[in-house]
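Below is one structure, written out as structure tokens, with a few remarks after it.
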Amino acid sequence: MITLTINGAAHEVHADPATPLLYVLRDELGLNGAKFGCGLGQCGACTVILDDRAVFSCLTPIGVLPGRRVRTIEGLGTAASPGPMQQAFITEQAAQCGYCIAGMIMRAQALLEQNPNADDAAIRAGMQPNLCRCGTQMRILRAVGRAAREMRARKQAGLPTTQEAAR
Ligand code: FES
Ligand code: FES
């Protein structure tokens, strides 16, 4: 049995330590935001945040996770109450098919947590590992830029930048 801490909650999982986190999220825990794209660390559709860094959950075995903190798109907000990063993607209508978007949002969230002052060049470089085959990259970049401005304003006002932080 392996205990995983996901979005602030502990989950006991009975699975081989080599099982990819993505499979456990989707198949065992019902957290379907992270998507299976390539399974090879080449597309970013499965991106989650491990401690403070964006990782490919398709390449992350659950055996390395005890004592560490995983965040998924479900931890950033809900449909009824989206977090600031999710709201920025909605406002900019950044999704076409939407398959890449949860991974994009998690990559962007980690990027701005590490570098709240990220400019356009830093955002472009930071988002490089994640691919969008629909071609909405320009909208995605606009959404991350909008989120950066809004998250800076929220921090200055003493407001949380995720729902998880608000709890
Ligand atoms: S599914 Fe993980 S990087 Fe593509
Ligand atoms: S919106 Fe379709 S892959 Fe990005």
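Read-outs throughout are calculated quantities, based only on the coordinates presented, and are distinct from any laboratory measurement. Not measured: the values here are computed from a predicted model. Neighbour counts run over all protein chains shown; Cβ positions are idealised from the backbone, glycine included.
The table below gives the values:
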quantity	calculated
Choice from ALA18, ALA110, ALA54 showing the highest fluctuation, given a GNM over the chain with Cα pairs closer than 10 Å	ALA18
Positive-end residue of ASN7, CYS38, GLY135, charge dipole of the chain with Cβ unit charges	GLY135
Net +/- balance of residues flanking CYS46 in space, Cβ distance below 10 Å, scoring K and R +1, D and E -1	+2
Antiparallel DSSP beta bridges within the chain, as percent of all bridges there, nearest 5	85 percent
Cα-based shape type of segment 30-80, given that a ≥ b ≥ c are square roots of the gyration tensor eigenvalues and the cut on a/c is 1.5	oblate
Kirkwood hydrodynamic radius over Cα pairs of segment 84-160, then Stokes diffusion coefficient at 25 °C and 0.890 mPa s, in µm²/s	200 µm²/s
Packing rank of 98-107, 31-40, 113-122, where each peptide gets the mean count of other beta carbons within 10 Å, highest leading	98-107, 31-40, 113-122
Interchain or long-range residues, amide H under 5 Å from ALA34's placed H	ILE73
Helix-only mean residue ellipticity at 222 nm for the chain, each DSSP H run of n ≥ 4 adding -39500 (n - 2.57), per residue, nearest 500	-9500 deg cm²/dmol
Sum of side-chain charges, ARG107 neighbourhood, beta-carbon under 14 Å (Lys, Arg +1; Asp, Glu -1)	+2
Charge dipole (debye, nearest 20) of segment 84-160; +1 at Cβ of Lys and Arg, -1 at Cβ of Asp and Glu	60 debye
q = 0.20 Å⁻¹: log10 I(q)/I(0) that the Debye formula gives for the chain, counting C-alpha atoms only	-1.33
Stretch gain in nm, segment LEU40-ASN117, where the contour uses 0.36 nm per residue and the Cα spacing is subtracted	24.6 nm
Sum of side-chain charges, GLN156 neighbourhood, beta-carbon under 13 Å (Lys, Arg +1; Asp, Glu -1)	+3
Nonlocal amide H pairs with ALA54, under 5 Å, H built at 1.01 Å	none
Folded to 0 to 90 degrees: helix 101-114 orientation relative to the chain principal axis, Cα	70 degrees
